[in-house]
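Here's the structure, in structure tokens; my notes come after.
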Amino acid sequence: MFPNSIQNLINQLSQLPDIGPRAATRLVFYLINQEQGKLDDLSSLIKNLKTEIHLCSQCFNITNKNNQLCSMCQDSKRNKEIICLVENILNIIPLEKTKQYDGLYHVLGGLISPSDGIGPDNIQIETLINRIKKSQPQIKEIIFALSPTTEGDTTALYIQRLLKPFEIKITRLGRGLSFGSDLEYIDENTLTSALLGRK
Ligand SMILES: [Zn+2]
């Protein structure tokens with residue numbers, strides 16, 4: 001129905017999260033009505049997206065390629081004695097929005113899921129243990145902010161066992177998080193009380 005150049009872009013955009021063929025078609029026709037300069041800017045941003053960034057060498061959050069550490073790890077005002085353990089980088093955003101947490105993070109980059117072929121070695125567990133061993137000042141608390149799912153629980157249990165030799169307080173997000181809920185979609189108020197009610 002459309003020329004190939006349009007149909008190919010619709011097909012590509014349809015594969016993005018939360019975008020179906022109808023939304024993709026609307027986006028493409030929106031783009032067609034934009035000035036060429038704007039399209040050039042957009043395409044160069046997409047083209048350079050991955051080359052401009054890398055992962056923080058300490059917490060595995062995303063950061064500018066010129067910085068070894070991310071802005072949070074570099075921030076001298078943050079509490080370096082607490083680490084909040086999250087599954088992915090997007091989980092940091094709602095936790096930061098609560099403004100109730102000023103410690104550091106550690107991004108696992110996934111959860112243990114044998115059915116998906118993801119084992120402990122495929123996520124950032126060893127780097128967490130090494131980070132704790134080398135930590136200065138010593139880490140005093142690890143908050144498990146993993147989604148309350150089977151994979152989240154499996155991962156938490158596995159890591160908790162490895163943390164036993166260390167004198168570290170282990171806490172989990174508290175009230176309001178029902179089993180199966182994805183941390184990414186939990187509202188700020190629920191997350192705030194879960195953070196304050198951690199135990
Ligand atoms: Zn970092």
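Nothing in this text is a laboratory measurement; each read-out follows from the coordinates by a stated rule. None of these values were measured; they are calculated from a predicted model. Glycine gets a Cβ as well: all are built from the backbone with ideal geometry, and neighbour counts include every protein chain shown.
Once amide H atoms are built 1.01 Å from N in the peptide plane, which residues 5 or more positions from S135, or in another chain, come under 5 Å H to H?
Here the answer is none, since no amide H 5 or more places off falls under 5 Å of that of S135.
Could you give the radius of gyration (one decimal) and Dmax (whole number) of the Cα atoms in the chain, in Å?
20.3, 65
If we sort 26-39, 138-151 on the protection proxy, mean other Cβ atoms within 10 Å, highest first, what's the order?
Working: 26-39: 11.1, 138-151: 19.2.
With the highest mean Cβ count within 10 Å placed first, the list reads 138-151, 26-39.
Figure the gain on full extension for L55 and Q7 (residue separation times 0.36 nm, minus the Cα-Cα span) and round it to one decimal in nm.
Values: separation 48, 0.36 × 48 = 17.28 nm, distance 3.45 nm.
Net length gain for the segment: 13.8 nm.
Taking the Cα centre of each part, how many Å lie between region 107-146 and region 47-102?
15
Just how large is the dipole of region 75-196 about the Cα centre, in debye to the nearest 20, putting +1 at every Lys and Arg Cβ and -1 at every Asp and Glu Cβ?
Values: 14 positive and 16 negative charges, 131 e Å.
My answer is approximately 620 debye.
I need the phi-derived Karplus couplings for region 9-25: 6.51 cos²θ - 1.76 cosθ + 1.60, θ = phi - 60°, integer Hz, Gly and Pro marked x.
For region 9-25, the Karplus-derived couplings read 5, 4, 4, 5, 5, 4, 7, 6, x, 6, 10, x, x, 5, 5, 4, 5 Hz, x marking Gly and Pro.
Find which of S44, N64, F144 sits farthest along the positive direction of the dipole of the chain, computed with +1 on the beta-carbon of Lys and Arg, -1 on that of Asp and Glu, about the Cα centre.
My answer, from the dipole projection, is F144.
For the chain, what does the helix formula give at 222 nm: sum of -39500 (n - 2.57) over DSSP H segments with n ≥ 4, over the residue count, nearest 500 deg cm²/dmol? Don't skip to the answer; put the middle values down first.
Numbers: 8 runs with 78 residues, N = 199.
Value at 222 nm, helices only, nearest 500: -11500 deg cm²/dmol.
Modelling each spin label as a point 7 Å along the Cα-to-Cβ direction, I'd like the R22/S115 distance in nm, to one decimal.
If labels sit at R22 and S115, their model points lie 3.0 nm apart.
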